[in-house]
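The block underneath contains the structure these notes are about, expressed in structure tokens.
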Amino acid sequence: MAFVWWLCVVLLALLSQIPHSQGQAGSGTEEYLKREHSLVTPYQGLGASSSGSHWDLSGNTMVTSHFVRLTPDLQSKQGAIWNRVSCLMRDWEVQVHFKIHGQGKKNLNGDGFALWYAKERMQPGAVFGSKDLFSGLGVFMDTYPNEEKQHERIFPYISAMVNNGSLSYDHSRDGRPTAIGGCTALVRNLNHDTFVVIRYLKRRLTVMINIEGKNEWKDCIDIPGVKLPLGYYFGISSATGDLTDNHDIISVKVYQLTVERMPEEEEDEEVLTPSVDNFSLQDDDLDYEPMSGLTLFFIIFFSLVGLMVLGVIGIIVFQKWQEQSRKRFY
């Protein structure tokens, strides 16, 4: 029996190194499942203090035999799962099988969940159940529009943000000022499986979705020049407010990507701070342009002229009043 058990362990170890065969990473790239970063059924030991579990739970997270529920369909709940093992892979892919469902009608549900590759872990906060001013990558599955002027966004909406710890996620504008990309993803109350994939390959961030039940991946975000340090942690968090939903995670599969690199690519400097090349904050909701110096001069000039005219009129009126007052006494 001991030999059989040992043989099973060896086979599982070998299977974990078999290249992923779905072909999502493109030609010339191989994918290897990394079990220390993945979460699949059965969720044995999840959240336990034993060394056998690679994931921690927080908040209202509940584990069942078929899914991990980050938040129930109740108000003011939040929950999260965080991988205990830091990611030391240069290139990787995260595939998340999830389900969002609840009793709320269209546009009366919330708030969504966030996928993280972050320096800080297990820190509850205001950004979909995790901390603001984070360092790393956040991909947000936002199911409720807070901003009245939607700028052609249709919700639910996926957006991504790269943060060096200095930027705040603006909930009132649905994170739009700091978003590096996004797309609509109608994912609520579907009867088929829904997936999202985040790939980081050669400093290019790609997000794809498979939500129509056709086993087809569609591009959502594709941004080059994304620089993420090694040693951060994968996590998923969620929150509800006045509006609610069940946010369920069925599986998380993390793959190491191997791809050939040019000599100059191999010599890339180590990334110490998350950043995106040529990124600037989005302020396209401003409906005015700054005043030029000439415009400001004319405004001040005509304002002074107007005050002088009013002053002259005031003096004339005062003099006439005085004359009328003298006539009453003669």
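The values are calculated or read from the model by the stated rules, or taken from the named source; none is laboratory data. Being a predicted model, the structure only gives us computed values, none of them experimental. Here Cβ is always computed from backbone atoms with ideal geometry, including for glycine, and neighbour counts include all displayed protein chains. The protein model used for the area step is the full one, side chains on, heavy atoms only, and it has no ligands, DNA or RNA in it. Shrake-Rupley method; radii C 1.70, N 1.55, O 1.52, S 1.80 Å.
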Requested in this report: Identify the residue in the stretch 107-140 that is among the polar types (S, T, N, Q) and closer than 21 Å to residue 181 by Cα and, among all such residues, is surrounded by the most Cβ atoms within 10 Å (Cβ to Cβ).
Outcome: 130
Query raised in the report: Any idea how many residues of the stretch 223-271 are charged (D, E, K, R), over 24 Å from residue 190 (Cβ atoms) and at pLDDT 95 or above?
Result: 1
**Report entry** Counted residues, the stretch 131-173 - those being within 11 Å of the chain's Cα centre (by Cα) and among the polar types (S, T, N, Q)
**Finding:** 2
Query - Contacts under 9 angstrom Cβ, first residue in the stretch 98-110 being more than 15 Å from residue 246 (Cβ to Cβ) and at pLDDT 75 or above, partner surrounded by fewer than 21 Cβ atoms within 10 Å (Cβ to Cβ) and β-branched (Val, Ile, Thr), 6 or more apart - result: none
Query - Test: residue in the stretch 28-44 that is in a helix (DSSP H, G or I) and either at pLDDT below 75 or surrounded by 20 or more Cβ atoms within 10 Å (Cβ to Cβ) (or both) - result: yes
Requested in this report: Could you tell me which of the residues 248, 277 is more than 23 Å from residue 180 (Cα to Cα) and either touching a residue at least 60 places away in the same chain (Cβ under 8 Å) or open to solvent by less than 90 Å² (accessible area, probe 1.4 Å) (or both)?
Outcome: 248
**Report entry** First in the stretch 160-178 and free of Cβ contacts under 8 Å to residues at least 60 places away in the same chain and surrounded by fewer than 19 Cβ atoms within 10 Å (Cβ to Cβ), second anywhere and assigned to a strand (DSSP E or B) and of a type in the set (S, T, N, Q), Cβ under 6 Å, 6 or more apart
**Finding:** 165/135
Query raised in the report: Quick check, is residue 156 open to solvent by 60 Å² or more (accessible area, probe 1.4 Å) and in contact (Cβ under 8 Å) with a residue 12 or more places away in the chain?
Result: no
Query raised in the report: So which residues in the stretch 207-240 are open to solvent by 20 Å² or more (accessible area, probe 1.4 Å), more than 14 Å from residue 96 (Cβ to Cβ) and not aliphatic (A, V, I, L, M)?
Result: 212, 213, 214, 215, 216, 218, 219, 222, 224, 227, 231, 233
